[in-house]
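All of the numbers you see were taken from the coordinates with simple rules; none came from a lab. Values in this document were obtained by computation on a predicted structure and should not be read as measured data. Here the Cβ positions follow ideal geometry from the backbone for every residue, glycine too, while neighbour counts run over all protein chains shown.
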Amino acid sequence: MSRSCLSWLLALCLLVPAGPSWAERPAAARPEQGGGMGKLPWQSWIDPGRLPPRPVPQRRDRIVYAFDQAGRTQLTANPELSKLCRAGRFMQLIDLHYRAFGPRERAFGVAYGRMAVNLYDPLHRRQDDTVYFFRDQDTTRCAVFTARQEDLRRFYIGP
């Protein structure tokens with residue numbers, strides 16, 4: 001080694017302050033058990049400011065009426081409520097959450113007048129003893145059919 005190199009190394013050793021000895025140094029941080037933010041190891045590609053996506057909401061659709069004949073023979077069409085349905089003023093809260101079927105026909109959506117179960121009715125046109133059946137709710141062809149709840153009791157499918 002050259003003389004200039006040794007003097008350079010000696011000057012560097014004198015300028016650097018002595019640090020704590022190995023015994024005085026704190027132990028290295030160890031990852032805690034379990035996951036979560038702020039715990040090591042973490043995934044650096046995950047932005048802590050963004051929440052993870054929510055799971056898809058799930059609901060249980062339920063068949064509440066099964067007719068022995070076509071549904072239109074059991075039900076009465078209501079043109080006034082059908083017009084309100086097309087305007088979005090009388091409709092189901094969740095389309096086809098409750099369903100009714102006749103043989104070989106598409107499902108009707110069902111809403112009850114009593115306690116307004118699954119029914120959006122801001123104009124208060126519902127009646128407590130009536131069941132409302134909806135066909136094609138989300139279209140301009142929305143049709144509302146009605147029937148008395150007592151008359152449909154034999155077609156009811158309990159939970």
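A few remarks follow.
- For segment 125-149, residues that are without any contact (Cβ under 8 Å) to a residue 40 or more places away in the chain, of a type outside the set (Val, Ile, Thr) and under 12 Å from residue 112 (Cα atoms) total 6.
- Odd one out for residue 131 among (1) crowded, with 18+ Cβ neighbours inside 10 Å; (2) touching an Asp or Glu at 6+ places or on another chain (Cβ under 6 Å): (2)
- If you go through segment 85-103 and pick out every residue that is assigned to a strand (DSSP E or B) and of a type in the set (Lys, Arg), you end up with 1.
- Among the residues making up segment 124-159, those that are touching a helix residue (DSSP H, G or I) at 6+ places or on another chain (Cβ under 7 Å) and part of a loop (DSSP other than H, G, I, E, B) are 125, 126, 128, 137, 140, 142.
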